[in-house]
Amino acid sequence: HQIPALTAAGYRVVAPMLRGYEPSSQPVDDDYHTVRMVEDVLGWIESLGVLRVHLIGHDWGAVIGYQVAAMAPERLLSLTTIAVPHLRRLPGGLWQVPKQLKNSWYVLFFQVPGVAELALRRGDFALIERLWRDWSPGWSPPEEELRLLKRTFRQPGVVKAALRYYRAIVDPLSRAASESRRLAFAPIDVPTLAITGERDGCMDTRLFDEVMRGADFPRGLKVRRIREAGHFVHQEQPEEVNQHLLEWLRRHDRDA
C-alpha cells in the first residue's frame, strides 16, 4: 500500500527482503543479530549509489531502523518506524505497561528449540495466522497475502531463520550481541516519525507514551497514533499512514 503512493509522489522505493527470508540470503554462520541487518541496510544504500535515504521499517524493520540511525545517521534523511518503539527505555516501560509481558509470550516460546519449529509448521502455519489476528484485532489479512506468507515460510531454512532473530536477542555473550545491544540503546540523531496503531496487540501502543522521549531524539521526534488500527497499521489504514509518510518525507527533503 505504501509503494504506489510513494512512487506516485516521485520517490524511488526499494523494499528488500530481510536476510533469511529467502534461501540465497541465509548466512552460513547463522548470524541473525541485528547489527548484521544494520550492515545489510547500509550495504544496500551503498549499492544504490546514493548518499542518503529516507528509511521506513515495520516491526523488525523498525528495530533495525533505529539501529541504522544509531550507527550511521549521516546516511539517513529521515527515519520512520512503525509499530515498535525505541528500545532504549523499554525495560522501564514494561513496569508501566505490564500487559506487554503477556503480549510478548511468543518471544519466550520461540526460544525452545525443536518445539517452536514444529509449532510454527503445524496446521499449515496456523500459529502465524493466530499471531497476526491477535496483533491486529478485527482485521483479516487478505487471503492472497497469507498464501504468499506461507509460501515464504515453506522455503528451505526460512522457519529456522525467522526463529534465529528471536534467539539472537537473548544471546548474552557474543560480540555481535554486544554490538547489537549498544546500538539498540543509543540515542537517535535522525529526525524520526514513529507510527503506532491504537489497537496493537503485539506492541501495546501505551509503550510509546512511556518510552519515546524527545531527549533521545535530538533531531526531532513525532509520534502518530492511528485509530481503528493494530500492529499492521500500514495495511489496515493505508491512506492515513501514507499521508503522514508523505508529509514527513517532503518536510525532510526540504530540510536536506
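The values are calculated or read from the model by the stated rules, or taken from the named source; none is laboratory data. In this text the structure is predicted, and so the values were computed from the model without any measurement. Reconstructed Cβ throughout: ideal geometry from the backbone, glycine too, with neighbour counts over all protein chains shown. Remember, those area values only see protein heavy atoms, side chains included, never the ligands or the DNA or RNA. Shrake-Rupley method; radii C 1.70, N 1.55, O 1.52, S 1.80 Å.
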Residues of region 108-141 being touching a residue at least 24 places away in the same chain (Cβ under 8 Å), assigned to a helix (DSSP H, G or I) and loosely packed, with under 13 Cβ neighbours inside 10 Å, in sequence order, are D124
Would you mind stating whether V170 is farther than 25 Å from Y32 by Cβ, open to solvent by 30 Å² or more (accessible area, probe 1.4 Å), among the hydrophobic types (A, V, I, L, M, F, W, C) and within 18 Å of the chain's Cα centre (by Cα)? no
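Does W95 satisfy the criteria of being among the aromatic types (F, W, Y), under 24 Å from M203 (Cβ atoms) and touching a residue at least 40 places away in the same chain (Cβ under 8 Å)?
Details: among the aromatic types (F, W, Y): yes; under 24 Å from M203 (Cβ atoms): yes; touching a residue at least 40 places away in the same chain (Cβ under 8 Å): no.
Spelling it out, it is not the case that W95 is among the aromatic types (F, W, Y), under 24 Å from M203 (Cβ atoms) and touching a residue at least 40 places away in the same chain (Cβ under 8 Å).
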I need every pair where a residue in region 167-182 that is under 17 Å from I64 (Cβ atoms) has its Cβ under 8 Å from the Cβ of a residue that is open to solvent by less than 80 Å² (accessible area, probe 1.4 Å) and of a type in the set (K, R), sequence separation at least 6 or different chains. A176/R36
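Touching a residue at least 40 places away in the same chain (Cβ under 8 Å), in contact with a strand residue (DSSP E or B) (Cβ under 6 Å, 6 or more places away or on another chain) and within 16 Å of M203 (Cα to Cα) - does that describe any residue in region 84-92?
The first filter runs over region 84-92 and keeps only residues touching a residue at least 40 places away in the same chain (Cβ under 8 Å), leaving 84-90, 92.
Going one step further and asking which of them are in contact with a strand residue (DSSP E or B) (Cβ under 6 Å, 6 or more places away or on another chain), we end up with none.
Scanning region 84-92, I find no residue that is touching a residue at least 40 places away in the same chain (Cβ under 8 Å), in contact with a strand residue (DSSP E or B) (Cβ under 6 Å, 6 or more places away or on another chain) and within 16 Å of M203 (Cα to Cα), so the answer is no.
Within region 30-52, which residues are outside any loop (DSSP other than H, G, I, E, B) and among the aliphatic types (A, V, I, L, M)?
Taking region 30-52 first, the residues outside any loop (DSSP other than H, G, I, E, B) are 34-48.
Listed by number, the residues that qualify are V35, M37, V38, V41, L42, I45, L48.
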Can you tell me how many residues in region 194-205 are out of contact with any Phe, Trp or Tyr (no Cβ under 9 Å at 6 or more places or on another chain) and surrounded by 18 or more Cβ atoms within 10 Å (Cβ to Cβ)? 3
Among the residues of region 7-57, how many are open to solvent by 70 Å² or more (accessible area, probe 1.4 Å) and either charged (D, E, K, R) or in contact with a Phe, Trp or Tyr (Cβ under 8 Å, 6 or more places away or on another chain) (or both)? 6
With the condition kept exactly as written, say whether any residue in region 49-67 is out of contact with any Leu (no Cβ under 7 Å at 6 or more places or on another chain), at pLDDT below 95 and of a type in the set (D, E). no
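Evaluate the following for A186: is it out of contact with any strand residue (DSSP E or B) (no Cβ under 8 Å at 6 or more places or on another chain), of a type in the set (A, V, I, L, M, F, W, C), more than 21 Å from N103 (Cα to Cα) and open to solvent by less than 70 Å² (accessible area, probe 1.4 Å)? Working first, answer last.
Numbers: out of contact with any strand residue (DSSP E or B) (no Cβ under 8 Å at 6 or more places or on another chain): yes; of a type in the set (A, V, I, L, M, F, W, C): yes; more than 21 Å from N103 (Cα to Cα): yes; open to solvent by less than 70 Å² (accessible area, probe 1.4 Å): yes.
For A186, the condition - out of contact with any strand residue (DSSP E or B) (no Cβ under 8 Å at 6 or more places or on another chain), of a type in the set (A, V, I, L, M, F, W, C), more than 21 Å from N103 (Cα to Cα) and open to solvent by less than 70 Å² (accessible area, probe 1.4 Å) - is met.
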Restricting attention to region 88-124, and to residues there that are of a type in the set (F, W, Y) and more than 21 Å from H58 (Cα to Cα), which single residue is modelled with the lowest pLDDT? W95
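Looking at region 53-75 only, could you name the residues that are assigned to a helix (DSSP H, G or I) and either closer than 17 Å to G230 by Cα or in contact (Cβ under 8 Å) with a residue 60 or more places away in the chain (or both)? Before you say what the answer is, go through the steps one by one.
Going through region 53-75, the residues assigned to a helix (DSSP H, G or I) turn out to be 60-71, 73-75.
Of everything in region 53-75, those that are assigned to a helix (DSSP H, G or I) and either closer than 17 Å to G230 by Cα or in contact (Cβ under 8 Å) with a residue 60 or more places away in the chain (or both) turn out to be W60, G61, A62, V63, Y66, Q67, A69, A70, M71, P73.
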Out of region 125-168, which residues are within 16 Å of L18 (Cα to Cα) and either of a type in the set (A, V, I, L, M, F, W, C) or modelled with pLDDT under 95 (or both)? L148, L149, F153, V158, V159, A161, A162, L163, A168
What single numbered condition from (1) assigned to a helix (DSSP H, G or I); (2) within 25 Å of E240 (Cβ to Cβ) fails to hold for S78? (1)
Identity of the residue in region 221-243, surrounded by fewer than 16 Cβ atoms within 10 Å (Cβ to Cβ) and out of contact with any helix residue (DSSP H, G or I) (no Cβ under 8 Å at 6 or more places or on another chain), that ends up farthest from G10 (Cα to Cα): R227
